[in-house]
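Chemist: What follows is a single structure, and I will ask about it in a moment.
The values are calculated or read from the model by the stated rules, or taken from the named source; none is laboratory data. The shown structure was predicted, so the numbers you read here are calculated from the model rather than taken from an experiment. Ideal geometry is used to build each Cβ from the backbone, glycine not excepted, and the neighbour counts take in all protein chains shown. Only protein heavy atoms, including side chains, enter the accessible area calculation; ligands, DNA and RNA are left aside. Shrake-Rupley method; radii C 1.70, N 1.55, O 1.52, S 1.80 Å.
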Amino acid sequence: MIQLRLKSECDRGLAPFVTRIAEGEPQCEEDATLTLSEAGGLSYRTGLATFRLRDVAPAEIAGDVLLIDPRRQIAHRLIRAASPHNTFLITEQCDQLCLMCSQPPKPQHQDMFAHFLAAARLAPPGAQIGLSGGEPLLHKDALFAFIDAVFASRDDLSFHILTNGQYFERDDLAWLRKHRTRLLWGVPIYSDDPATHDEIVGKSGAFAQLAPNLALLGLAGAALELRTVVLAQNALCLPRLADFITRHLPFAATWAIMQMERIGYGRMNWTRCFFDSSIDFASLGAAIDLMRARRQGVTLYNFPLCTVPRAYRDLAARSISDWKQKYLPACRACSLRASCAGFFEWYREEDGFMEIRPQ
Amino acid sequence: MQVWPLRFRDLDDRRTILSDDSGAYFLAKSEFVGRYARDALSPSDERFLLEKGHAFERAGDLAHTGFLARWSRRQYIGGGSAYIILIPTLRCDLKCSYCQVSRAPLASQGFDWDAETLQKVLGFLDDLPVEEIQIEFQGGEPFLRLDLLEAVAAFARRRFRRVRFVVCSNLQTLNEGILAFLDSEDVLISTSLDGPHQVHTRNRTGDTALTEVFLSNLKQVIGRIGPGRISALPTIDIEEPPNPEDLIAAYEAFGFTSLYLRPVNYQGFARKSHPEARTSAAWNDYYRGFIEALIARNARTGRVMEEFYMAHCLRRILAPGMDSHTDLRNPNIPSGANAVIDFDGQIYPSDEARMLARIRQVDLAIGNVSDGLDQEKLTLLAPGHINNFDPDCIHCPYQPFCGTDPIDDLSRSGRIDVPRHESWFCQRHLAVFDLAMELLYRTDPEVEFSLSRWLGLESIPEALRPVAP
Ligand code: SF4
Ligand code: SF4
């Protein structure tokens, strides 16, 4: 597992600050250059401060953007330059309580936008950064202002924003249109049946709010990725949902069908919710066939390749972020491993897929 | 609740097919049509229409927005890529029975591009506002002027980001130069195989020995470049059509998995001696019989042969954006990015338009490589290439999938405003789409076997067969 936090030492009196591990000559005063490398750690100097990092090699963090927290003596790797999976956690608050939530909401909010803005400005060229939560749009005004500010100085960046879609308004149309080519909205929809969707997200009236807001995204010409976690609660209705999507959400660029992540509420509700698609792919297959017939994009996230029938394997993405991905001992002998999503770090074989078959 | 306008057509005496402007279709009993026409829809009718996106509550709601998106994707607006047909020579070494006007004798003069025309053709290509192009070489026999093909190919590979060449060749003569040209991955071959030996000889070569040469050349080319880059199509003489089983077997023998049935299209004088070509009933009967035979055969053998046009029409029914076939698009406005350049540098909107000029019926040239495009002519031709407002098509459930062919109407009737249903284009497409719908709704494992393979699906999802309550 890749470390997202590093042990760090610096003057405890400093306020938290954002820095980038320079590759070559420093480009700005936030860029940190290595001044000393010894067994006990690496010493860096920026234009404004000095700090040390422990248990890491310089090459591993080259180009990374770090948030140094002097009080806790920690460096958060906000952007790992070598990884396509960088996400800013906007807030841990949320108005929904999804059955399989991997990141259960917390009541308090810590505003990090100033650090995120500083970090985004230091991101590698052309980077796509994820914005997630909780529900980022609970802080919509600050979020939109943050995005405007980033694009004002970096028009090469783009964001992939995960939102439950509850907070769009008609007045957002112009803003959504303005940024349509550089924002990809990932919005969950669990069922075409409002009651089932509401039950899964733990909020009554959620679907009734979601539907018109998705229409707004459509009218704005926004890039939309629909996301559906397969659960015991919705698996058999996926063909109906596919029909709904192709008819009412044809403007969605893609539909991501996802397997569950066994952490957070996902762990708590695992036995109640996990749908073993390795032994029953029929409803998934029918849903995919419909999407294919109507030529709308569909992707499978978090599905180990051998659990997917051959005809659909080309849809399975290597979606699990590098820092939380693993393989099983059985995978060692498998020829598909290089293209397989594998498993979440917290996956357990004893209550997981029945059919894991090295190919 | 507001229902988007529905058009309908009886599939048989029990069932009616309905569709809206976005191409969303469903099947209903005639009682439903009665209720719809009388504005007396039942609550369950209304639920069905709303759920399937044929109706909406308020402008801007999800059903409304989804419909707008589906509708807009049904319209072909072009752009991005060009499809140009080039005729570097009209000369040919064969004399097929159905080809009188589009060829010149092998030894004749003045039927090839000269050096100046070649340069102007390259200039025309250079000016196209696209980065992607497909260039089709037709003739005559294009390989008689391999030098011109090579010149165009070398230029296009430099000029365009993506390029593909299709050479429509009779494959009657091969040599080292031709084979070397074929070795490039961006070169595709389209040839004619009219069926079993006797049929091919009767229609095309007129000589058994020549047919032998062709068959062995075809085999050699497939062996060299593989079956993936070569396609063949049979031209069907409807007065003496081949037995479907024999035709399919002839294609299977070469490892082809797709064929595209095309009726002989007699031109000018020849049309008078082949009156059958004017009536489509015979063709439609043969076509239906062929598709049924093909489906039965696929189920029997477990192999999958596709008839391209049926598969393509099915794909167009099911999804928007299936606009790769230049003959079936809507709107299909003539433009420089979709044109035919003749041996003399004249530019036409389609091959058929070129024929009409050749037989001096009407000059439909939209310019030439020296003076460029004739915008006035293009403007004049544009309205005929949209079916959305045609007084007949607006009542037809197949309008969103169908196209137009005013040039064919002109060629057959001397005018473009014939009532749709009297035109060959419409009669043929009504039959194809009727059959496609019938097959889609036929829950017969034999049919499903072929349809799912043609569509690249594991099985046919039930949702593709909506039925009103
Ligand atoms: S055996 Fe492991 S590596 Fe192979 S496909 Fe299955 S999960 Fe992936
Ligand atoms: S041409 Fe005929 S089949 Fe095509 S849309 Fe018009 S009426 Fe229908």
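Chemist: Which residues, taken from the stretch A:184-193, are over 16 Å from A:GLU135 (Cα atoms) and either touching a strand residue (DSSP E or B) at 6+ places or on another chain (Cβ under 9 Å) or open to solvent by 60 Å² or more (accessible area, probe 1.4 Å) (or both)?
Modeler: Correct list: A:TYR190, A:SER191, A:ASP193.
Chemist: When you look at A:GLY285, is it over 18 Å from B:GLY66 (Cβ atoms) and more than 14 Å from every other protein chain (Cβ to nearest Cβ), yes or no? Please lay out each step first, then the result.
Modeler: Working: over 18 Å from B:GLY66 (Cβ atoms): yes; more than 14 Å from every other protein chain (Cβ to nearest Cβ): no.
Here the answer is no, as A:GLY285 does not meet what is asked.
Chemist: Taking the stretch A:222-244, which residues are within 14 Å of chain B (Cβ to nearest Cβ) and touching a Phe, Trp or Tyr at 6+ places or on another chain (Cβ under 6 Å)?
Modeler: Taking the stretch A:222-244 as the starting set, the residues that turn out to be within 14 Å of chain B (Cβ to nearest Cβ) are A:222-224, A:226, A:236-244.
The answer is A:ALA222, A:LEU224, A:LEU226.
Chemist: Let me ask something else. What residue, of B:ARG354, B:ARG300, B:ARG316, B:ARG360, is open to solvent by 30 Å² or more (accessible area, probe 1.4 Å) and not in a loop (DSSP other than H, G, I, E, B)?
Modeler: Details: B:ARG354 fails: open to solvent by 30 Å² or more (accessible area, probe 1.4 Å); B:ARG316 fails: open to solvent by 30 Å² or more (accessible area, probe 1.4 Å); B:ARG360 fails: not in a loop (DSSP other than H, G, I, E, B).
Only one candidate passes the filter, namely B:ARG300.
Chemist: Which condition does A:HIS76 not pass, out of (1) surrounded by 16 or more Cβ atoms within 10 Å (Cβ to Cβ); (2) out of contact with any strand residue (DSSP E or B) (no Cβ under 6 Å at 6 or more places or on another chain); (3) not acidic (Asp, Glu), if it passes all the others?
Modeler: (2)
Chemist: Continuing with the same structure: Within the stretch A:256-359, considering only helices (runs of 4 or more DSSP H) that don't extend past its boundaries, which have at least 2 residues that are farther than 30 Å from B:ARG465 by Cα? So that I can check it myself, show each step before the final result.
Modeler: Working: elements: A:265-268, A:270-273, A:282-293.
Because the criterion is at least 2 residues that are farther than 30 Å from B:ARG465 by Cα, the helices (runs of 4 or more DSSP H) in the stretch A:256-359 that meet it are A:265-268, A:270-273.
Chemist: Any idea which residue in the stretch B:319-334 is farthest from B:THR379 (Cα to Cα), counting only those that are more than 14 Å from every other protein chain (Cβ to nearest Cβ) and surrounded by 19 or more Cβ atoms within 10 Å (Cβ to Cβ)?
Modeler: Filtering the stretch B:319-334 for residues more than 14 Å from every other protein chain (Cβ to nearest Cβ) gives B:325-334.
Filter once more, so that each one left must be surrounded by 19 or more Cβ atoms within 10 Å (Cβ to Cβ): B:328-330, B:332-334.
Working: B:LEU328: 20, B:ARG329: 18, B:ASN330: 16, B:ASN332: 13, B:ILE333: 9, B:PRO334: 9 Å.
Per the criteria, the residue is B:LEU328.
Chemist: Residues to consider are B:VAL418, B:VAL447; find the one that is more than 14 Å from chain A (Cβ to nearest Cβ) and either in a helix (DSSP H, G or I) or at pLDDT 95 or above (or both).
Modeler: Values: B:VAL418 fails: either in a helix (DSSP H, G or I) or at pLDDT 95 or above (or both).
Exactly one of B:VAL418, B:VAL447 is more than 14 Å from chain A (Cβ to nearest Cβ) and either in a helix (DSSP H, G or I) or at pLDDT 95 or above (or both), namely B:VAL447.
Chemist: Moving on to the next point. Assess whether A:ALA317 counts as being away from ligand 1 (no atom under 15 Å from the Cβ), touching a Leu at 6+ places or on another chain (Cβ under 9 Å) and open to solvent by 10 Å² or more (accessible area, probe 1.4 Å). I'd like the intermediate steps shown before the answer.
Modeler: Working: away from ligand 1 (no atom under 15 Å from the Cβ): no; touching a Leu at 6+ places or on another chain (Cβ under 9 Å): yes; open to solvent by 10 Å² or more (accessible area, probe 1.4 Å): yes.
For A:ALA317, the condition - away from ligand 1 (no atom under 15 Å from the Cβ), touching a Leu at 6+ places or on another chain (Cβ under 9 Å) and open to solvent by 10 Å² or more (accessible area, probe 1.4 Å) - is not met.
Chemist: Please identify the pairs in which a residue from the stretch B:53-77 that is more than 17 Å from A:ASP243 (Cβ to Cβ) has its Cβ atom under 6 Å from the Cβ atom of a residue that is open to solvent by 60 Å² or more (accessible area, probe 1.4 Å) and part of a loop (DSSP other than H, G, I, E, B), counting only partners at least 6 apart or on another chain.
Modeler: Final answer for the pair search is B:GLU57/B:MET1.
Chemist: Looking for whichever is within 14 Å of chain A (Cβ to nearest Cβ) and either surrounded by fewer than 22 Cβ atoms within 10 Å (Cβ to Cβ) or within 7 Å of ligand 2 (Cβ to nearest atom) (or both) here; the options are B:LEU435, B:LEU410, B:LEU430, B:LEU440. Which one fits? Steps first, answer last, please.
Modeler: Values: B:LEU435 fails: within 14 Å of chain A (Cβ to nearest Cβ); B:LEU410 fails: within 14 Å of chain A (Cβ to nearest Cβ); B:LEU430 fails: within 14 Å of chain A (Cβ to nearest Cβ).
Within the list B:LEU435, B:LEU410, B:LEU430, B:LEU440, the selection yields B:LEU440.
Chemist: Follow-up. Out of all the residues in the stretch A:265-273, is one or more in the same structural domain as A:GLY130 (by TED's automatic domain parsing), at pLDDT 95 or above and closer than 30 Å to B:ALA24 by Cβ?
Modeler: no
Chemist: Conditions: (1) within 10 Å of chain A (Cβ to nearest Cβ); (2) open to solvent by 50 Å² or more (accessible area, probe 1.4 Å); (3) farther than 16 Å from B:VAL467 by Cβ. B:PRO5 meets all but one. Number of the miss?
Modeler: (1)
Yes/no per residue for (1) within 30 Å of B:PRO349 (Cβ to Cβ); (2) within 14 Å of another protein chain (Cβ to nearest Cβ):
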{"position": "B:MET1", "(1), (2)": "no, no"}
{"position": "B:SER42", "(1), (2)": "no, no"}
{"position": "B:ALA55", "(1), (2)": "no, yes"}
{"position": "B:TRP71", "(1), (2)": "yes, yes"}
{"position": "B:GLY80", "(1), (2)": "yes, no"}
{"position": "B:TYR83", "(1), (2)": "yes, no"}
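Chemist: Can you spot a residue in the stretch B:390-398 that is away from ligand 1 (no atom under 16 Å from the Cβ), hydroxyl-bearing (Ser, Thr, Tyr) and in contact (Cβ under 8 Å) with a residue 60 or more places away in the chain? Break it down into steps so the answer makes sense when it comes.
Modeler: Taking the stretch B:390-398 as the starting set, the residues that turn out to be away from ligand 1 (no atom under 16 Å from the Cβ) are B:390-398.
Add one more test, that the residue is hydroxyl-bearing (Ser, Thr, Tyr), and what stays is B:398.
Checking which are in contact (Cβ under 8 Å) with a residue 60 or more places away in the chain leaves us with B:398.
Yes: the stretch B:390-398 contains one or more residues that are away from ligand 1 (no atom under 16 Å from the Cβ), hydroxyl-bearing (Ser, Thr, Tyr) and in contact (Cβ under 8 Å) with a residue 60 or more places away in the chain.
Chemist: Same structure, new question: Go through the stretch A:219-249 and report how many residues are over 20 Å from A:CYS94 (Cα atoms) and either open to solvent by 20 Å² or more (accessible area, probe 1.4 Å) or not assigned by TED's automatic domain parsing to the domain that holds A:ALA174 (or both).
Modeler: Residues flagged as over 20 Å from A:CYS94 (Cα atoms) and either open to solvent by 20 Å² or more (accessible area, probe 1.4 Å) or not assigned by TED's automatic domain parsing to the domain that holds A:ALA174 (or both) within the stretch A:219-249 amount to 10.
Chemist: Among (1) farther than 20 Å from B:LEU457 by Cα; (2) more than 9 Å from every other protein chain (Cβ to nearest Cβ), which single condition is A:ALA316 missing?
Modeler: Single failed check for A:ALA316: (1).
Chemist: Continuing with this model, one more query. When the stretch B:41-74 is examined, which residues are found to be closer than 27 Å to B:SER324 by Cβ and of a type outside the set (Lys, Arg)? Break it down into steps so the answer makes sense when it comes.
Modeler: Of all residues in the stretch B:41-74, those closer than 27 Å to B:SER324 by Cβ come to B:53, B:66-74.
Residues satisfying the conditions are B:GLY53, B:GLY66, B:PHE67, B:LEU68, B:ALA69, B:TRP71, B:SER72.
Chemist: Answer yes or no as to whether B:GLU458 is within 14 Å of chain A (Cβ to nearest Cβ) and within 26 Å of B:LEU259 (Cα to Cα).
Modeler: On the way: within 14 Å of chain A (Cβ to nearest Cβ): yes; within 26 Å of B:LEU259 (Cα to Cα): yes.
In short, yes.
Chemist: Another one. Those residues that are open to solvent by 20 Å² or more (accessible area, probe 1.4 Å) and touching a helix residue (DSSP H, G or I) at 6+ places or on another chain (Cβ under 6 Å), I need them from the stretch B:177-196; list them, please.
Modeler: Once the filter is applied, which keeps residues that are open to solvent by 20 Å² or more (accessible area, probe 1.4 Å) and touching a helix residue (DSSP H, G or I) at 6+ places or on another chain (Cβ under 6 Å), the stretch B:177-196 yields B:GLY177, B:LEU188, B:PRO196.
Chemist: Moving on. Among the candidates B:SER452, B:SER423, which residue alone is among the polar types (S, T, N, Q) and more than 14 Å from chain A (Cβ to nearest Cβ)?
Modeler: Values: B:SER452 fails: more than 14 Å from chain A (Cβ to nearest Cβ).
That would be B:SER423, the only listed residue that is among the polar types (S, T, N, Q) and more than 14 Å from chain A (Cβ to nearest Cβ).
Chemist: Name the residue that is nearest to B:MET437 (Cα to Cα), counting only residues in the stretch B:22-40 that are in contact (Cβ under 8 Å) with a residue 60 or more places away in the chain and away from chain A (no Cβ under 14 Å).
Modeler: Among them, the one singled out is B:LEU27.
Chemist: Further question: Let me spell it out: the conditions are (1) away from chain A (no Cβ under 14 Å); (2) at pLDDT 95 or above; (3) within 29 Å of B:GLU46 (Cα to Cα), and B:PHE389 meets all of them except one. Which number is the exception?
Modeler: Unmet for B:PHE389, out of (1) away from chain A (no Cβ under 14 Å); (2) at pLDDT 95 or above; (3) within 29 Å of B:GLU46 (Cα to Cα): (2).
Chemist: Here's a follow-up. Please state which of the following conditions B:PRO469 fails to meet, knowing it meets all the rest: (1) within 14 Å of chain A (Cβ to nearest Cβ); (2) part of a loop (DSSP other than H, G, I, E, B).
Modeler: Condition not satisfied by B:PRO469: (1).
Chemist: On to the next question. Could you tell me how many of the residues in the stretch B:202-226 are without any contact (Cβ under 8 Å) to a residue 60 or more places away in the chain, open to solvent by 20 Å² or more (accessible area, probe 1.4 Å) and closer than 19 Å to B:LEU261 by Cβ?
Modeler: Number of matching residues: 0.
Table: residues versus (1) farther than 28 Å from B:ALA463 by Cα; (2) touching a Gly at 6+ places or on another chain (Cβ under 6 Å); (3) within 14 Å of chain B (Cβ to nearest Cβ).
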| site | (1), (2), (3) |
| --- | --- |
| A:GLU169 | yes, no, yes |
| A:LEU184 | yes, no, no |
| A:PRO188 | no, no, no |
| A:GLU199 | no, no, no |
| A:LYS203 | yes, no, no |
| A:LEU210 | no, yes, yes |
| A:ILE263 | yes, no, no |
